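*Asks:* Let me begin by handing over the structure; questions about it come next.
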Amino acid sequence: MYGTFGQRLMLFLFPATLFAALYAALPYLGLLPPSWRDSLPYAVYLILALGLLLSFHFNRSRVFFVLLLLLAFCWNGSLISSGGEGGAAFLRIDGILVFLLPLNITLFCLMREKGIFSAPGRKRFVFLALQALALMIVVKTGRADAQEVAGSWLHSVEGGARQLPRWVLPLMGGCGVIVAGMTYVRRSLIDGAFLAVLAALAIVYSHPAADGTQTVFLFGAGLILTASVLQDSHNMAYRDELTGVLSRRALNEHLNGLGRRYVIAMLDLDHFKRLNDSYGHDVGDQVLRLTAAKIQSVGGGGRAYRYGGEEFAIVFSGKSTENVLACLEELRASIAAYRFAIRGPSRPVPSRQGKKNRCGADADRNISVTVSIGVAGNADEKKSPREVLVAADTELYRAKQRGRNRISSS
């Protein structure tokens, strides 16, 4: 998923669009009934709690810990606004959090998903607990500070001056560049959500707290994190982890919703077992990923699925067999003509060095594969999608019997 440039761009466009809508809605907050405006801070806690529950349920530790950080930030902000004892100390914590939050979010972005209560997860708990302990010490030592310090800070915030250190925004910008790069490389919804959280914090710290900006954008950050957990879990259920194409489960649901006219094509890599035996399963996985990427690019409006093993299915809704044969032939020829550059175990990470080696004795292995394709359409409206699928599978084996690397259609 998100393999093309346009698809990767969507990882950035959704949070940007949501934040633009929230920013445009800020002037209209005053039109809300007073009871609604008073309930907005509770909405922030509600969306953060919902995100914590979902990330716990789906074992998304990175999101879980970032939500804990946001929850601590919101709680500290409410303590400042209450103007109670130790207000000056809580203000000092706010000044520390402006550095800790972007650094922690960037660290969690760079980390791999390791679970919440696993050994790495427990270490991350300890890591955050040590930071919380240090902040508690700041609170204890700050209780003797004069209360007018807090009142003066709140007055300056209401006037629009946050009095942040000069290098806070450059720090946030640098963290944002790192997270944006990881989002683009990994093609991860959750990494994109972390970038949105950094953007929300930059907006919060650059606007007065009294105008509702903090509440609105923290709610937006929590909403994006929660939605990323749901979407990422949906992708895991409906997308094949190895190839990134839709899974057989998604195919079964698609078959139930097909109309009266459609075509199903079944594809199978030729001699794939021989390839695995010759080059190993790691190379076989690479070939599957590269082949799947080509299958996803099929024309004619086809939607690709991994059916199982080295077998794929393509569903063309609203098409006849004659409409799709040319697209499938183009796909077959493209795969047959393509030379797959297989990464060796000592392949250098820099792409330039890799290209240099491919021209010399240390060049990566290049292999080619072919596919056989069976095609069946719903010419008889009494046929069910399952029957058409079986017919396409029968044609696939007929193509293999005729010599492979060809198309057979009913």
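The values are calculated or read from the model by the stated rules, or taken from the named source; none is laboratory data. Values in this document were obtained by computation on a predicted structure and should not be read as measured data. No Cβ is skipped: glycine too gets one built from the backbone with ideal geometry, and neighbour counts run over all protein chains shown.
*Asks:* So for segment 20-32 (the condition being over 17 Å from T213 (Cβ atoms) and in a helix (DSSP H, G or I)), does at least one residue qualify?
*Replies:* no
*Asks:* Hey, another quick one. Restricting attention to segment 209-220, does a residue exist that is touching a residue at least 24 places away in the same chain (Cβ under 8 Å), under 26 Å from L54 (Cβ atoms), under 19 Å from the mean Cα position of the chain (by Cα) and not in a helix (DSSP H, G or I)?
*Replies:* Scanning segment 209-220 turns up no residue that is touching a residue at least 24 places away in the same chain (Cβ under 8 Å), under 26 Å from L54 (Cβ atoms), under 19 Å from the mean Cα position of the chain (by Cα) and not in a helix (DSSP H, G or I).
*Asks:* Let me ask something else about it. Hey, does segment 66-83 have a residue that's outside any helix (DSSP H, G or I) and either on the phi < 0 side of the Ramachandran plot or outside the structural domain of L225 (by TED's automatic domain parsing) (or both)? Before you say what the answer is, go through the steps one by one.
*Replies:* Step one: list which residues in segment 66-83 are outside any helix (DSSP H, G or I), which gives 83.
Subset that is either on the phi < 0 side of the Ramachandran plot or outside the structural domain of L225 (by TED's automatic domain parsing) (or both): none.
Within segment 66-83, none of the residues are outside any helix (DSSP H, G or I) and either on the phi < 0 side of the Ramachandran plot or outside the structural domain of L225 (by TED's automatic domain parsing) (or both).
*Asks:* Out of curiosity, is L242 outside any helix (DSSP H, G or I), surrounded by fewer than 19 Cβ atoms within 10 Å (Cβ to Cβ) and either modelled with pLDDT of 85 or more or in contact with a Gly (Cβ under 9 Å, 6 or more places away or on another chain) (or both)?
*Replies:* Values: outside any helix (DSSP H, G or I): yes; surrounded by fewer than 19 Cβ atoms within 10 Å (Cβ to Cβ): yes; either modelled with pLDDT of 85 or more or in contact with a Gly (Cβ under 9 Å, 6 or more places away or on another chain) (or both): yes.
Judged against the criteria, L242 is a match.
Per-residue answers, yes or no, for (1) surrounded by fewer than 18 Cβ atoms within 10 Å (Cβ to Cβ); (2) assigned to a helix (DSSP H, G or I); (3) touching a residue at least 24 places away in the same chain (Cβ under 8 Å):
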position: L103; (1), (2), (3): yes, yes, yes
position: C109; (1), (2), (3): no, yes, yes
position: R112; (1), (2), (3): yes, no, no
position: A129; (1), (2), (3): yes, yes, no
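*Asks:* Then there is this: Hey, any hits in segment 315-335 for a residue that's modelled with pLDDT under 85, touching a strand residue (DSSP E or B) at 6+ places or on another chain (Cβ under 8 Å) and among the β-branched types (V, I, T)? Walk me through how you get there before you give the answer.
*Replies:* Going through segment 315-335, the residues modelled with pLDDT under 85 turn out to be none.
No; the residues of segment 315-335 include none that is modelled with pLDDT under 85, touching a strand residue (DSSP E or B) at 6+ places or on another chain (Cβ under 8 Å) and among the β-branched types (V, I, T).
*Asks:* Return the only residue of L67, L71 being of a type outside the set (G, A, S), in contact (Cβ under 8 Å) with a residue 24 or more places away in the chain, within 21 Å of Q231 (Cβ to Cβ) and in contact with a Leu (Cβ under 8 Å, 6 or more places away or on another chain). Before the answer, list the steps.
*Replies:* Details: L71 fails: within 21 Å of Q231 (Cβ to Cβ).
Testing whether each residue is of a type outside the set (G, A, S), in contact (Cβ under 8 Å) with a residue 24 or more places away in the chain, within 21 Å of Q231 (Cβ to Cβ) and in contact with a Leu (Cβ under 8 Å, 6 or more places away or on another chain) leaves just L67.
*Asks:* L29 - would you say it is in contact with a Lys or Arg (Cβ under 8 Å, 6 or more places away or on another chain) and assigned by TED's automatic domain parsing to the domain that holds T213? Please lay out each step first, then the result.
*Replies:* On the way: in contact with a Lys or Arg (Cβ under 8 Å, 6 or more places away or on another chain): yes; assigned by TED's automatic domain parsing to the domain that holds T213: yes.
So L29 passes the test.
*Asks:* A further question on this structure: Just to be sure before I move on: is E381 over 36 Å from the mean Cα position of the chain (by Cα), at pLDDT 80 or above and farther than 26 Å from Q286 by Cβ in the structure I sent?
*Replies:* Numbers: over 36 Å from the mean Cα position of the chain (by Cα): yes; at pLDDT 80 or above: no; farther than 26 Å from Q286 by Cβ: yes.
No.
*Asks:* Among G257, G280, which is the only one that is free of Cβ contacts under 8 Å to residues at least 24 places away in the same chain and more than 29 Å from the chain's Cα centre (by Cα)? Spell out how you get there, then give the answer.
*Replies:* On the way: G257 fails: more than 29 Å from the chain's Cα centre (by Cα).
Just a single option satisfies the conditions, and that option is G280.
Residue by residue, here is whether (1) assigned by TED's automatic domain parsing to the domain that holds V388; (2) closer than 19 Å to L389 by Cβ; (3) surrounded by fewer than 20 Cβ atoms within 10 Å (Cβ to Cβ) holds:
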residue	(1), (2), (3)
R260	yes, yes, yes
K273	yes, no, yes
H281	yes, no, yes
V287	yes, no, no
I295	yes, yes, no
